[in-house]
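Below: one structure, written as structure tokens.
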Amino acid sequence: MAKKLLDRARVHVNSTYNNTIITLTDVDGHVLAWATPGLVGFKGSRKGTPFAAQLATERLMERMKEYGIKSVVLTINGTGSGRNSVLNAFKNSTFRVEEVRNVTPIAHS
């Protein structure tokens, strides 16, 4: 199957205390690729570290270049330590970050 060439995409970051899951979708929400610290080689409690999330982000960015993506919309969910390192990795990359949305649910009374 040939890969679609896209200009824009969405990156969904689900960050927990134990892991960080980064999913690449097109604008319509169809999953194109994903990366986790487990795919990079981290096991156990090391998957929840910011360094592991950064390496997983770099792996996903390599896949994004194959799709020709130039700009992204980041959607961040969760309270784990990997969320900031993913954001910083995108800010320091060649990709244009159009929007950053924090969709973490917050309890209220």
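Structural remarks
- Count of Lys pairs (Cα-Cα under 26 Å; at least 8 positions apart or interchain) in the range 41-109: 4
- Under 19 Å from residue 3, Cα to Cα: aspartates and glutamates that are on another chain or at least 8 residues apart: 26, 28, 62, 66
- The order of 62, 98 by accessible area, most exposed first and with a 1.4 Å probe, is 62, 98.
- Shape of the chain from the C-alpha gyration tensor: oblate (a/c of 1.5 or more and a/b not above b/c, with a ≥ b ≥ c the square roots of its eigenvalues).
- GNM result for the chain, Cα springs below 10 Å: residue of 79, 23, 94 fluctuating most strongly: 94
- For the range 1-58: accessible area per residue (Å², 1.4 Å): 59 Å²
- Angle between the chain longest axis and helix 50-67 axis [Cα atoms, degrees, rounded to 10]: 10 degrees
- Model label sites at residue 16 and residue 63, defined 7 Å from Cα along the beta-carbon direction, differ in position by 1.9 nm.
- Computed from the C-beta positions of residue 45 and residue 99 and an R0 of 35 Å, the FRET efficiency is 0.60 to the nearest 0.05.
- Taking the helices alone, the chain has a mean residue ellipticity at 222 nm of -9000 deg cm²/dmol, built from -39,500 (n - 2.57) per DSSP H run of at least 4 residues and averaged over all its residues.
- Inter-label distance for residue 70 and residue 28, nm, one decimal - labels placed 7 Å from Cα along Cα-to-Cβ: 2.2 nm
- Each residue of the range 78-87 was assigned a 3J(HN,Hα) from its phi angle through the Karplus expression (A = 6.51, B = -1.76, C = 1.60, θ = phi - 60°), giving x, 10, x, 6, x, 5, 6, 5, 5, 4 Hz with x at Gly and Pro.
- Loop trypsin sites (Lys or Arg not before Pro), the range 11-53 (other Cβ atoms within 10 Å of the site Cβ: 15 or fewer; DSSP): 43
The values are calculated or read from the model by the stated rules, or taken from the named source; none is laboratory data. What you are looking at is a predicted structure, and each value in this text was computed from that prediction instead of being measured. Virtual Cβ from ideal backbone geometry, glycine too; neighbours counted across all protein chains shown. Accessible surface is based on the protein model in full, side chains and every heavy atom, while ligands, DNA and RNA are left aside. Shrake-Rupley method; radii C 1.70, N 1.55, O 1.52, S 1.80 Å.
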